[in-house]
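*Asks:* Here it is: the structure, laid out below.
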Amino acid sequence: MTRPAERRPGSLRSLLLWILVPAQITVLSLALWFSSSQLHQQVDLAYDRSLAGALRAIDHNISTASGGLAVELPYLMLEFFELTANDSVYYRILTEDGLADIGNQDLPLPDARLPSNSPVFYDRDYLGASIRIAALARPMAPPLYGQKTGRVIVMVGEDRSGRDQVIRDLMIRNIVRDLIEVLASTGLIVVGVLIGLRPLTRLYRKLKSRAHDDLSPISAPELPREVRPLVDAVNQHVARHARQARRQRQFLDDASHQLRTPLAVLHTQLDYALRESDPAEARAALLAMRGGLDQAQRTAAQMLA
């Protein structure tokens, strides 16, 4: 059964880029979504304030003192408001009981009952368009038709297309700005990673160009602090290897000396035995050679052990 091939680890540069760049894009995307939400709220708030101003202006000109519902519309203000909104403006003034109704009488009311003296803003579809409506209910003073209480409702609406166009324009600007930020920040991350890993690249080239017998410690003061423990561990390993190499060289020197001396003595004894004509002297020389061989054999056995 064959073992599956082990997966080779990727480069540190690729790992950092694959982590940092998507993280940066995710953060900026969330920031864009948050700014889009805030943008909608801020634009609606600004336009709703203008809508509330028109609502208050109409309400200020409503009177029930004559016994009926009378209103003097501020046409100049409405025309200015319509120019500011860049869209159609609608209004409606009615009593809560519906007996009096002025303006765009089909302008939709909110679903819930309006609170008194507090404007309410809501969106509705009207005449085939989406509109933003501000509605205000307040007690009538005096009430109409001999009633003791009663409220008048004032409504002002505008087409949303103007504010939606403003939101789209601002969103496009924000997207372009954020894209520039994404590209710039991504470029800075890539450059930062490359610059940060440059000392490791220089160390790699320095070690690759070393001689095979160069066991001197690695000196790289420009390395980051996170990499220095690794360099220290490599230096300790190299130092142990250097000590082992010195012991091996010393052993070889001692072994060569231990073997060279008996061989030299054997060579001398052999020459003497060859020159000697007396068999007894030659035998004595051979016996001495045998002792030298025994010593050389013991030395070789000790070396191999």
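*Asks:* Hey, can you rank 209-218, 26-35 by average C-beta count inside 10 Å, highest first?
*Replies:* 26-35, 209-218
*Asks:* Under the Karplus relation 6.51 cos²θ - 1.76 cosθ + 1.60, θ = phi - 60°, what is the ordered set of whole-Hz ³J(HN,Hα) values for the range 107-118, x standing for Gly and Pro?
*Replies:* Taking θ as phi minus 60°, the curve returns 5, x, 7, x, 5, 9, 5, 6, x, 7, 6, 9 Hz for the range 107-118.
*Asks:* A follow-up question, please. Taking 2.2 N^0.38 Å as the expected size of a compact globular protein, what ratio does the Cα radius of gyration of the chain give against it, to two decimals?
*Replies:* Normalised by 2.2 N^0.38 Å, the Cα Rg of the chain equals 2.58.
*Asks:* What residue among V190, V182, V71 shows peak mean-square fluctuation when the chain is described by a Gaussian network model with Cα springs under 10 Å?
*Replies:* Its mean-square fluctuation being the largest, the pick is V71.
*Asks:* For the chain, what does the relative contact order come out to in percent, with C-alpha contacts under 8 Å and a separation of six or more?
*Replies:* Relative contact order for the chain comes out at 15 percent.
*Asks:* For the range 13-168, restrict the atom set to alpha-carbon positions and state the Rg and Dmax in Å.
*Replies:* Taking only Cα atoms of the range 13-168, I get Rg and Dmax of 21.6, 85 Å.
*Asks:* For E226 paired with S66, estimate the spin-label separation in nm (one decimal), with each label point 7 Å from Cα along the Cα-to-Cβ line.
*Replies:* Computed distance between label sites E226 and S66 equals 8.1 nm.
*Asks:* Nearest 500 deg cm²/dmol is fine: what mean residue ellipticity at 222 nm does the chain get from its DSSP H runs of n ≥ 4 alone, each adding -39,500 (n - 2.57), divided by its residue count?
*Replies:* Using -39500 (n - 2.57) per qualifying helix, the result is -22000 deg cm²/dmol.
*Asks:* Using only the alpha-carbon atoms of the range 206-305 as identical scatterers, what base-10 log of I(q)/I(0) does the Debye formula give at q = 0.15, 0.17, 0.19 Å⁻¹?
*Replies:* The calculated log intensity ratios at q = 0.15, 0.17, 0.19 Å⁻¹ are -0.75, -0.84, -0.94.
*Asks:* Using r as the Cβ-Cβ distance of L30 and I172, and R0 as 25 Å, what FRET efficiency do you calculate, to the nearest 0.05?
*Replies:* 0.85
Bear in mind these aren't lab numbers, they're just calculated from the coordinates by the rules spelled out. Here the structure is a predicted model, which means the values were calculated and not measured. With ideal geometry, Cβ positions are generated from the backbone for all residues, glycine too; neighbour counts draw on all protein chains shown.
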